[in-house]
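Written below as structure tokens is the structure these notes are about.
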Amino acid sequence: MTRFHYRCSECGKTYGRDEVRYLCPRCGGAYVPGEPLRGVLEAEFDLGRIGREFDRNAPDWSLFSAVEPEHFPTYPVGNTPLAKAPRLGAEVGLRNLYVKNDGLNPSGSLKDRASFLVVAEAIRLGEDRIVTASTGNAASALAAVCAAAGKKAVIFVPAAAPKAKLVQMLLYGAEVVTVKGTYDDAFRLSLEYTRERGGLNRNTAYHPLTIEGKKTVALEIWAQCGFEAPGAVVVPVGDGVILAGVYKGFRDLLLAGLIDRLPRLVCVQAESSDAIHNYFTTGKFRKAALPSTVADSISVSVPSNAHMARRAIVETDGFSLTVSDSEILEGQALLARTTGIFAEPAAAATVAGLRKGADGFRQDEVVILLVTGHGLKDVDAALAGVKVPEPIPPNIEAVGGRR
């Protein structure tokens with residue numbers, strides 16, 4: 001049986017596994033829409049025991065899991081490739097640059113990891129309906145895992161979400177509610193729905209297992225780096241939960257005595273969706289007034305996990321920067337040309353961040369570029385950065401170029 005308890009990231013109070021479901025009852029009551037979540041819970045394990053029992057030759061990853069494997073749905077999440085990127089590294093001046101391609105998860109994004117664990121929790125609890133708000137990836141991930149598990153997904157998504165993501169949700173059989181508004185509006189509405197009509201709410205950070213699910217990418221990176229911590233991990237950031245998950249994974253390893261240092265975490269945000277970047281650089285939170293960016297997956301006015309995300313950057317001695325839409329599209333093209341990896345704009349923001357913040361890295365340190373979503377999630381955005389050639393007559397004379 002999995003042994004852990006929840007600790008409030010704000011007041012430090014601890015709770016038994018089934019004593020709470022979402023936020024700290026003491027601090028969560030102070031949450032109001034339009035502000036980051038208060039009282040986000042973290043799962044705390046007996047990391048000393050895990051450190052003693054973990055065997056690198058036969059890794060038992062269930063030691064780090066907040067849900068027992070017998071509750072896992074039949075859905076093959078994770079184990080995505082980590083590959084060296086020498087051509088991209090040469091472009092940005094890094095000798096040991098690697099790409100962790102989480103766009104190769106079944107639904108095409110890292111969000112499968114969080115949805116997988118929350119659906120496993122729903123199976124454990126006997127809940128048949130899981131609810132979420134999303135700009136697209138979390139929603140399509142939840143719909144996919146629910147389809148595999150025979151659960152009902154109820155999804156609130158901004159009407160402006162990319163069509164490819166909407167198609168995924170619908171084909172997976174989810175009940176999709178498109179909202180005339182922003183992600184923040186969808187988030188608020190999904191909470192109201194769960195309070196009034198029931199179901200398990202998967203909202204990012206609101207349900208603590210979203211952080212636990214996403215931390216698995218850090219555990220994989222550690223194993224794929226020969227059970228060594230890399231020098232830095234570059235993360236695209238919207239609501240801050242992926243960043244917090246990566247931090248939580250490496251911190252668990254540190255406290256278990258399995259690594260001796262934390263990698264620096266580098267936060268990359270779109271210029272118009274810069275709430276966490278601004279919070280880190282100034283120490284004061286303010287929402288992003290008009291979050292409008294080609295990188296829809298990281299477009300958010302009020303990041304739900306802003307407090308923990310800022311802590312992740314500070315405690316790993318990391319840094320944060322913002323990139324423009326044009327830099328994101330250039331980064332998307334550069335990643336594709338030099339690695340053969342097609343990433344959606346939000347994921348490609350990390351490439352733009354590498355180019356812009358190159359001075360923040362040592363040339364020889366191991367740097368991990370986290371690609372969080374596949375480019376086929378939003379082909380329309382990619383089309384803005386390329387020119388499709390005009391058709392020619394079907395004869396060789398019409399073909400240009402060298403013989």
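Figures for the structure shown
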quantity: Candidate set: segment 278-301, residues that are crowded, with 22+ Cβ neighbours inside 10 Å, among the hydroxyl-bearing types (Ser, Thr, Tyr) and at pLDDT below 90; chosen: the one nearest to the chain's Cα centre (by Cα); calculated: 297
quantity: Among residues of segment 368-380, those that are more than 21 Å from residue 274 (Cα to Cα) and under 18 Å from the mean Cα position of the chain (by Cα), counted; calculated: 6
quantity: Selected residue [part of a helix (DSSP H, G or I) and either at pLDDT below 90 or touching a Pro at 6+ places or on another chain (Cβ under 7 Å) (or both)] from 223, 229, 218; calculated: 223
quantity: Restricting segment 60-104 to residues that are under 18 Å from the mean Cα position of the chain (by Cα) and either in a helix (DSSP H, G or I) or basic (Lys, Arg) (or both), the residue that is surrounded by the fewest Cβ atoms within 10 Å (Cβ to Cβ); calculated: 104
quantity: Scope segment 261-277; condition surrounded by fewer than 23 Cβ atoms within 10 Å (Cβ to Cβ) and at pLDDT 95 or above; matching residues; calculated: 261, 262, 264
quantity: Verdict on residue 252 being at negative phi and not in a loop (DSSP other than H, G, I, E, B); calculated: yes
quantity: Tabulated pairs, segment 171-193, first at pLDDT 85 or above and surrounded by 16 or more Cβ atoms within 10 Å (Cβ to Cβ), second assigned to a loop (DSSP other than H, G, I, E, B) and of a type in the set (A, V, I, L, M, F, W, C), C-beta under 8 angstrom, 6+ apart or interchain; calculated: 179/159
quantity: Any hit, segment 207-214, residues being surrounded by fewer than 17 Cβ atoms within 10 Å (Cβ to Cβ) and of a type in the set (Ser, Thr, Tyr); calculated: no
quantity: Of residues in segment 384-399 being within 46 Å of the chain's Cα centre (by Cα) and small (Gly, Ala, Ser), the one nearest to residue 332 (Cα to Cα); calculated: 385
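Let's see how each residue does on (1) over 20 Å from the mean Cα position of the chain (by Cα); (2) within 23 Å of residue 263 (Cβ to Cβ); (3) among the polar types (S, T, N, Q); (4) crowded, with 24+ Cβ neighbours inside 10 Å:
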{"position": "303", "(1), (2), (3), (4)": "no, yes, no, yes"}
{"position": "313", "(1), (2), (3), (4)": "no, yes, no, yes"}
{"position": "339", "(1), (2), (3), (4)": "yes, yes, yes, no"}
{"position": "350", "(1), (2), (3), (4)": "no, yes, yes, yes"}
{"position": "364", "(1), (2), (3), (4)": "yes, yes, no, no"}
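The values are calculated or read from the model by the stated rules, or taken from the named source; none is laboratory data. Because the structure is a prediction, the values reported are computed rather than measured. Positions of Cβ are backbone-derived with ideal geometry, glycine not excepted, and every protein chain shown enters the neighbour counts.
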